[in-house]
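As structure tokens, the structure follows; a few thoughts come after it.
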Amino acid sequence: MNLVSLDSMGVSFVKFEDNPAVCQAEFVLPEHAAIFRDHFPGRPLLPAIGLISLCDWMLGRWLGDAVGLAFLRRVKFTLPMVPEMRLEIHLTRRDVDRLRMVSRSAAGEHASGELGLHMRTAVVDGAPAGKETV
Amino acid sequence: MNWPDPGVLPHGPAFRLVQSVEAIAGDRITCACRIPDLFPLVAGAKMPTYLALEGLAQSAGLLAAHLACQDAKTAGRAVKSTPGYVARIRQATFIRSEMDGTLPWSADAQLEGRSGHMILCRGEVLQGTTLILQAGLALYI
């Protein structure tokens, strides 16, 4: 699968740190970034799937491209993510196949929730994606 | 049939995944979706399944707009269009990790409840006859 690059999204990162338990990154989201394109014209907001895409990019860099998202649970968007902000995302291991995600900026916490992991290569047609864990 | 036009969604063309409404019955809607030109989150033919959540959310938004329009007409009030956004992904399970971003898919959303400005819905995405994902969402309208 071809994950979209940060360049394609018009996003850059200024910090990336990881260890076996935690991965955190800080992104710069310029107003002209493609990730805001047409969401929404005249009052751009980072789409929910834009945030998930950034988490997916982090997963690839942290755990390798073979690891993907199997499920999302209780992902709350509490504060809009707007252009020109520096957005921090923290991913913390909760279990072998579950992460806690928190996204925040200087304005406060924007989103949080649980991400489930699986091995992309383990997915068989028709079988639940989360069957094999990492 | 007086079905909502996807053009009422607040998204611009590069982010409007719903192409047409296929059916509305009661609290349920089925929409035809595909990745538009210039969509910023796809890099090739294969795309991560979670991107299809947006199509499901847009379908649910159209359903909410349709029901609000019906309510307004019944009450004799003026119809007011209000944009909405995803407030919560209550749960989403990706049956497949990726799907073909060049092909259309269908999003089926069902209203589960309303509380103030919050709309609760659940639904699923199919590409052809293959189930891609199931999810429960909350939209703020």
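Some observations on this one:
- Residue match in the range A:67-85 (condition: among the hydrophobic types (A, V, I, L, M, F, W, C), assigned to a strand (DSSP E or B) and farther than 22 Å from B:Gly55 by Cβ): yes
- Matching residues, the range A:15-28, being open to solvent by 30 Å² or more (accessible area, probe 1.4 Å), under 17 Å from A:Leu91 (Cβ atoms), in a strand (DSSP E or B) and of a type in the set (A, V, I, L, M, F, W, C): A:Phe16, A:Val22
- For the range B:31-46, the candidate set comprises residues that are open to solvent by 10 Å² or more (accessible area, probe 1.4 Å) and in contact (Cβ under 8 Å) with a residue 60 or more places away in the chain; within that set, the residue that is farthest from the other protein chains (Cβ to nearest Cβ) is B:Ala32.
- Strands (runs of 3 or more DSSP E) fully within the range B:41-127 counting 1 or more residues that are basic (Lys, Arg) and in contact with a strand residue (DSSP E or B) (Cβ under 8 Å, 6 or more places away or on another chain): B:46-48, B:85-94, B:105-115, B:118-127
- The single residue among A:Asp7, A:Asp65, A:Asp95 that is more than 12 Å from chain B (Cβ to nearest Cβ), surrounded by fewer than 17 Cβ atoms within 10 Å (Cβ to Cβ), more than 19 Å from A:His110 (Cβ to Cβ) and of a type outside the set (Phe, Trp, Tyr) turns out to be A:Asp95.
- Scoring B:Ala23 on the criteria (1) assigned to a strand (DSSP E or B); (2) crowded, with 16+ Cβ neighbours inside 10 Å leaves a single failure, condition (2).
- Residues in the range B:93-126 that are small (Gly, Ala, Ser) and in contact with a Ser or Thr (Cβ under 9 Å, 6 or more places away or on another chain): B:Ser97, B:Ser106, B:Ala107, B:Ala109, B:Gly123.
- Unmet requirement for B:His11, which otherwise passes all of (1) in a loop (DSSP other than H, G, I, E, B); (2) over 18 Å from B:Gly84 (Cα atoms): (2)
- Flag for B:Arg28 being open to solvent by 30 Å² or more (accessible area, probe 1.4 Å), more than 29 Å from A:Asp56 (Cβ to Cβ) and under 12 Å from the mean Cα position of the chain (by Cα): yes
- Condition met for B:Asp27 (over 16 Å from A:Phe40 (Cβ atoms), among the charged types (D, E, K, R) and within 12 Å of another protein chain (Cβ to nearest Cβ)): no
- Positions within the range B:92-126 being closer than 17 Å to A:Phe71 by Cα, touching an Asp or Glu at 6+ places or on another chain (Cβ under 7 Å) and acidic (Asp, Glu), in sequence order: B:Glu124
- Any hit, the range B:47-54, residues being farther than 20 Å from B:Leu137 by Cα, surrounded by fewer than 16 Cβ atoms within 10 Å (Cβ to Cβ) and either within 14 Å of chain A (Cβ to nearest Cβ) or among the charged types (D, E, K, R) (or both): no
- Residue match in the range B:79-86 (condition: at the interface with chain A (Cβ under 10 Å from one of its Cβ atoms), closer than 24 Å to A:Asp65 by Cα and modelled with pLDDT of 90 or more): no
The values are calculated or read from the model by the stated rules, or taken from the named source; none is laboratory data. As the structure is a prediction and not an experimental result, all values here were calculated from the model. Every residue, glycine as well, gets a Cβ built from its backbone with ideal geometry; the counts of neighbours run over all protein chains shown. We work out accessible area using only protein heavy atoms, side chains counted, and drop any ligands, DNA or RNA first. Shrake-Rupley method; radii C 1.70, N 1.55, O 1.52, S 1.80 Å.
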